[in-house]
Each structure stands twice: as C-alpha cells, then as structure tokens.
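To keep things clear, I will list the structure first and then write my remarks on it.
The values are calculated or read from the model by the stated rules, or taken from the named source; none is laboratory data. Computed from a predicted structure; not experimentally measured. Counting neighbours? That spans all protein chains shown, and the Cβs are built from the backbone with ideal geometry, glycine included. Heads up: the accessible areas ignore ligands, DNA and RNA and are worked out on the full protein's heavy atoms, side chains in. Shrake-Rupley method; radii C 1.70, N 1.55, O 1.52, S 1.80 Å.
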Amino acid sequence: MDEVLHAVADPTRRGILRLVRDQEVSAGELAGHFPGISRPAVSQHLRVLTAAGLLAVRREGNRRLYRLRPAGLTEVSRFFDDLWTDRLGRLKRAAEQAERERTSEDTEGTG
C-alpha cells in the first residue's frame, strides 16, 4: 500500500492516471499532455506507476500503451473505506445516544 500511496502522491502521476482511466494511451501521447516535463521524466513517472501496480502496459509494435489497473487501488480504497465507515459508525452511535438521552429527558419531564 505504501508504494501505491507514494505513487499517487505526485500530481503528475495523478494526471497520468486520469488520462489512462478509460482507455489505453501511448507513452508519447501521455508525454504530450505534460509539455513542461521531459519525455524521460514522464517515462520515469510511468515506471513508478507500473511498479506500484497501477498501470498495465501493452506493447504494440514499438509503442507502449498504458491503461489503469483498478485492482492496484483495491488495498488503498479498502483502507479509506474502512476509515470512513468507522467514522460514520461512530457518528451514528453518537446520534443514537443523543436521541436516547433527549427521549429520556422528554419522558422524565412529563412524568
């Protein structure tokens, strides 16, 4: 999970993931989306994303086509879902406790 979080911490790599989310994109086309970055730097970003398991690579002749590997995000997604679910559960319990206390006070006041 650490490798995935490190990979997505960089804004350029997040941009690459957005570009390959729905379709395969060649390395050259990806580099074209980042004119302020050299092609070797884009290639390095692609290597980091691939090593983290976030990109699938397919060779077509001398081109490399990249696409998102959603399974690479599964562990991180599960981690954040657990955090969110735990937080919602605590909020629900607090709201239920407050409601019980309010109901108890209403009942005591009428009795």
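May I ask you to give the percent of accessible area on the chain that is carbon plus sulfur, with a probe radius of 1.4 Å? After summing per-atom areas, the C and S share lands at 52 percent. Near residue 92, within a Cβ-to-Cβ distance under 12 Å, what is the net charge of the other residues, with Lys and Arg +1 and Asp and Glu -1? Result for the local shell: 0. In the chain, Cα pairs under 8 Å separated by at least six residues give a relative contact order of 26 percent.
Grab the other residues whose beta carbon is less than 13 angstrom from that of residue 29, score K and R as +1, D and E as -1, and report the net. Walk me through the intermediate numbers first.
Values: positive: 39, 63, 64, 67; negative: 24, 60.
In short, +2.
Among the listed values (1) 47, 30, 19; (2) 60, 40, 24; (3) 84, 26, 24, the one matching Cα extents along the principal axes in Å as calculated from this structure is (3). Here the dipole of the chain is about 1000 debye; that uses its Cα centre as origin and unit charges on the Cβ of Lys and Arg (positive) and Asp and Glu (negative).
Taking every full run of DSSP H in the chain, the ones that stretch at least 15 Å from end to end by Cα along their long axis and average -0.5 or higher on the Kyte-Doolittle scale are 39-51.
Could you identify which residue out of 31, 98, 71 has the top mean-square fluctuation in a GNM of the chain using Cα springs shorter than 10 Å? The residue with the greatest mean-square fluctuation here is 98. Using the 1.4 Å probe convention, the accessible area of the chain works out to 71 Å² per residue with neighbouring protein chains retained.
In the chain, helical runs assigned H by DSSP with n ≥ 4 each contribute -39500 (n - 2.57); averaged across all residues and rounded to the nearest 500, the mean residue ellipticity at 222 nm is -21000 deg cm²/dmol.
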